[in-house]
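The structure appears below as structure tokens.
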Amino acid sequence: HSFTAAAATDGVLIRPDLLTGIRGIDREAMTVTVEAGTPLKRLNTALAREGLSLTNMGDIMEQTVAGATSTGTHGTG
């Protein structure tokens, strides 16, 4: 982990906690459309039910999709 003041603000901070859910899975395009606040654990569980998975995954599944994207989370794949 690398804790920083990246999210510290005197202004407005948007928390996407209630913006959760999977909107759609497009097998042909190999894409999934999700809400920004969807936890990676929930996304991975839903994909596994469909016989799918993310190509690359960091090791913290409690993160949200927006959190992983905004911090440049990466795995080893």
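The values are calculated or read from the model by the stated rules, or taken from the named source; none is laboratory data. Keep in mind that what you see is a predicted model, and the values were worked out from it rather than measured. Because the Cβ atoms are built from the backbone with ideal geometry, glycine has one as well, and the counts that use them run over all protein chains shown.
Observations
- Some residue of region 12-26 being among the acidic types (Asp, Glu), modelled with pLDDT of 90 or more and outside any loop (DSSP other than H, G, I, E, B): yes
- Candidates are the residues of region 28-58 that are more than 16 Å from Thr73 (Cβ to Cβ) and in contact (Cβ under 8 Å) with a residue 24 or more places away in the chain; the one that is surrounded by the fewest Cβ atoms within 10 Å (Cβ to Cβ) is Glu50.
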